[in-house]
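Below: the structure, in structure tokens.
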Amino acid sequence: MQRTRVRDILSGDQGGHALLKGWVRTRRDSKDFSFLELNDGSCLGNVQVLVDHTPELLPLLERLNTGAACAVEGEVVASPAAGQKWEVRASALTVFGEADPETYPLQKKRHSDEFLRTIAHLRPRTNKYGAMLRVRSEMALAVHSFLHGRGFAHIHAPILTGSDCEGAGEMFRVSNLEPSTAAAMTPAEREAAEFFGRPASLTVSGQLEAEMLALALGDVYTFGPTFRAENSNTPKHAAEFWMVEPEMAFADLKDDMDLAEELVCSLVRHALDHCVVDLALFGNFVDKTLMATLTGILDQPFVRLPHAEAIRVLQASGRSFEFPVHKGSDLQTEHERFLCEEHFKRPVIVFDYPKEIKAFYMRLNDDGATVAAMDLLVPRIGELVGGSQREERLDVLEARMAEAGLPAEPYWWYLDSRRYGSAPHAGFGLGFERLLMLVTGIANIRDVIPFPRTPRNLEF
RNA sequence: UCCCCGGUAGCUCAAUCGGCAGAGCGGGUGGCUGUUAACCACUAGGUUCGCGGUUCAAGUCCGUGCCGGGGAGCCA
């Protein structure tokens, strides 16, 4: 007999014989019978199972404490008591794995996020983390379905990279050499001995490779893990995170901003449409303002303002910031928060940044002072998306690299794309975990990744 | 990496001025009830994060290390 998922029992409209398999959330004993709350991860809800204390069932029931895995076979019937529409009257039980109540760390009561991080292998069995993981899966699907619907090709950028100057972020070095062996070698010996014959790292972005593919396939995107070795200890940084990076040929900055806004709105709408029950949990127990925030995002277009205009808004605010703003200065966290949380009270896209504070590959505007870059800022989280129109003019790109002090040689293939059939193109990176923080209201990035990697944390 | 706060029972936390180590929840035992964060009674449970110091006496004060949280920087 095939098992029925709890989700299908709870959403069904008729009873019948069923086989359920899952984990016991709690057991309530009466004199002659007990109630089991069974959860199988298919949805937030549990099925209430009524188990009579018969000679066959009682010995098995006694082994089913909170956390135990079991199978329940029985009749699905309308529940006579309030609290649930359906319940299952058990006719047979199978115990797969017991959970010693003396040592099983998950209790029926609420646990702190900090404690649950120390048992990341068990926390998916809690309501909150089960809900988060279902939403995470649903959001990944929504990313693919939105971009697929727009005609984007899903491409796979390499995770191992040889260019150790891709961008600003510190990179994780990758080597197959024993550290002690490598330490005894001269740099030349070591280079020859390295697996790739040169230094290798984990990628900090698939953008440069995505550009090459966009200049062949038109519209592409990567969606994969990304690595930063920055010693960042904050609620919104992780050493390993997932990033969605669309790249469009024949597109400018406006197209880029349009796509970012439409993608974010599409993902939020998908969550509201497909994760109703799980989002309700977050709205009730994690962030009371969640639903208002999410529907607010869909209400009206995002604010778009040039960086220079953002500076003027900040200067005119009358606020005394810890870091005073002036023409050409970067936006600090306090400025970003003021703009989207207090002044506009909604997502804000800031664009046309001074070229000095942005990366070399961003397209130089006609004013010669700014580049066609954009950051999408959202309340509470800050930068959700960072992108730009790319510099497609070979001479300008080479000049910008020289200004930045970058050697041209390792970028020979990147520059080739501007040498042969270059075309205007644009793209951005969207932090997938930050999106999940936005959608769930969860405040710490460590709680939207099943097994987070942060400085000094590589357990599990 | 810098600044601030914290680390006491399985979990969440109290402990006055430096003076006997406490509660709720969870666990165990018994009872009760179509229960549902079940309820009632009883009960067990401690290297007070580690190391060093001050003191008659340290959970409490000092130094240091580790871990966690918040803020900042960097960014997705």
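Computed from the coordinates by the stated procedures, all read-outs in this text should not be read as laboratory data. Bear in mind the structure is a predicted one, so any value in this text is a computation, not a measurement. When we count neighbours, we look across all protein chains shown, and the Cβ atoms used for this are built from the backbone with ideal geometry, even at glycine.
Looking at A:186, A:270, A:39, which one has the Cα that reaches farthest to the positive end of the dipole of chain A (charges on Cβ: Lys, Arg +1; Asp, Glu -1)?
Of the listed residues, the answer is A:39.
Counting alpha carbon pairs within less than 8 Å and at least 6 residues apart, what relative contact order, in whole percent, applies to chain A?
Details: 826 pairs, mean separation 60.8, N = 460.
With pairs under 8 Å counted, the relative contact order is 13 percent.
Run through every distinct alpha carbon pair of segment A:344-423 and return the Kirkwood hydrodynamic radius in angstroms, one decimal place.
One over the average 1/r among Cα pairs gives 13.7 Å for segment A:344-423.
Please enumerate, by chain and number, the aspartates and glutamates with C-alpha under 20 Å from the C-alpha of residue A:345, excluding those fewer than 8 residues away in the same chain.
A:258, A:261, A:262, A:287, A:299, A:309, A:334, A:336, A:375, A:383
For a footprinting-style exposure proxy, rank A:43, A:265, A:340 by other Cβ within 10 Å, fewest first.
Ordered from fewest to most neighbouring Cβ atoms within 10 Å, A:43, A:265, A:340 come out as A:265, A:43, A:340.
I'd like to verify something in chain A: which complete DSSP H helices, judged by Cα projection on the helix axis, reach 20 Å or more and average at least 0.0 on the Kyte-Doolittle scale?
Details: long enough: A:127-149 (32 Å, 0.08); A:253-274 (31 Å, -0.05).
Membrane-span-like by this rule: A:127-149.
Using the Cα centre as the reference, give the magnitude of the dipole from point charges on the C-beta atoms of chain A (Lys, Arg: +1; Asp, Glu: -1; all else neutral), rounded to the nearest 20 debye.
That gives chain A a dipole magnitude of about 1320 debye.
Under 20 °C and 1.002 mPa s, how fast does segment A:255-391 diffuse according to Stokes-Einstein, given a Kirkwood radius computed over C-alpha pairs? Answer in µm²/s, whole number.
Answer, rounded: 133 µm²/s.
For segment A:30-83, give the magnitude of the charge dipole about the Cα centre (Cβ charges: +1 Lys/Arg, -1 Asp/Glu; no others), in debye to the nearest 20.
In debye, rounded to 20, segment A:30-83 gives about 160.
Using only the Cα atoms of segment A:143-292, build the gyration tensor, take square roots of its eigenvalues as a ≥ b ≥ c, and label the shape rounded, prolate or oblate: rounded if a/c is under 1.5, else prolate if a/b is larger than b/c, else oblate.
oblate
Could you give me the percent of Cα pairs per 10 Å distance bin for segment A:24-169, shortest bin first, beginning at zero and ending with the bin that holds the maximum distance?
9, 29, 25, 17, 11, 6, 2, 0
Net charge around residue A:236, counting only other residues with Cβ within less than 11 Å of its Cβ (Lys, Arg = +1; Asp, Glu = -1)?
So the environment of residue A:236 carries a net charge of +1.
Using only Cα atoms, what is the ratio of the radius of gyration of segment A:6-104 to 2.2 N^0.38 Å?
Cα Rg divided by the expected 2.2 N^0.38 Å: 0.99.
Shape verdict for segment A:303-460, please, from the Cα gyration tensor: rounded (a/c under 1.5), prolate (a/b greater than b/c) or oblate.
Numbers: a/c = 2.15, a/b = 1.26, b/c = 1.71.
Taking the square roots of the gyration eigenvalues as a ≥ b ≥ c, segment A:303-460 is oblate.
What are the residues whose amide H is under 5 Å from the amide H of residue A:153, where those residues sit 5 or more places off or on another chain and H is modelled from the backbone?
Answer set, sorted by chain and number: A:219, A:220, A:221.
Can you put A:414, A:221 in order, fewest other beta carbons within 10 Å first?
So the ranking, lowest neighbour count to highest, is A:414, A:221.
Would you calculate a helix-derived [θ] at 222 nm for chain A, using -39,500 (n - 2.57) for each DSSP H run of n ≥ 4 and dividing by the full residue count, to the nearest 500?
Working: 15 runs with 145 residues, N = 460.
Estimated from H runs of four or more residues: -9000 deg cm²/dmol.
Which order results if A:361, A:129 are arranged by neighbouring Cβ count within 10 Å, fewest first? Write out the running numbers ahead of the final one.
Values: A:361 22, A:129 19.
Ranked by crowding around the Cβ, least crowded first: A:129, A:361.
Identify all lysines with a Cα-Cα distance to residue A:128 below 20 Å; exclude those on the same chain that are fewer than 8 residues away in sequence.
A:108, A:109, A:236, A:288
Cross-link candidates for residue A:85: which aspartates and glutamates have Cα within less than 16 Å, leaving aside residues fewer than 8 places away along the same chain?
By straight Cα distance, residue A:85 reaches A:8, A:13, A:37, A:75.
Within segment A:6-104, what percent of beta bridges assigned by DSSP are antiparallel, to the nearest 5?
Antiparallel: roughly 90 percent of the beta bridges in segment A:6-104.
Distance between the C-alpha centers of segment A:1-56 and segment A:307-365? Whole Å please.
Each part reduced to its Cα centre gives a spacing of 54 Å.
Relative contact order (percent) for segment A:6-104, with alpha-carbon contacts under 8 angstrom and 6 or more residues of separation?
30
Ranking request for peptides A:298-307, A:424-433: highest mean number of other beta-carbon atoms within 10 Å first, then the rest in descending order. Please list the in-between numbers first.
Numbers: A:298-307: 14.9, A:424-433: 23.9.
Result, highest mean first: A:424-433, A:298-307.
Is the shape of segment A:234-313 best called rounded, prolate or oblate, per the rule: a/c under 1.5 gives rounded, else a/b larger than b/c gives prolate, else oblate, with a ≥ b ≥ c the square roots of the Cα gyration tensor eigenvalues?
Here segment A:234-313 falls in the prolate category.
Summing Lys, Arg as +1 and Asp, Glu as -1, what charge do residues with Cβ under 15 Å from the Cβ of residue A:439 carry, residue A:439 excluded?
+1
Two decimals is fine: what is log10 I(q)/I(0) at q = 0.05, 0.08, 0.10 Å⁻¹ for chain A, from a Debye sum with one equal scatterer on every Cα and no solvent?
The Cα Debye sum returns log10 ratios of -0.25, -0.60, -0.85.
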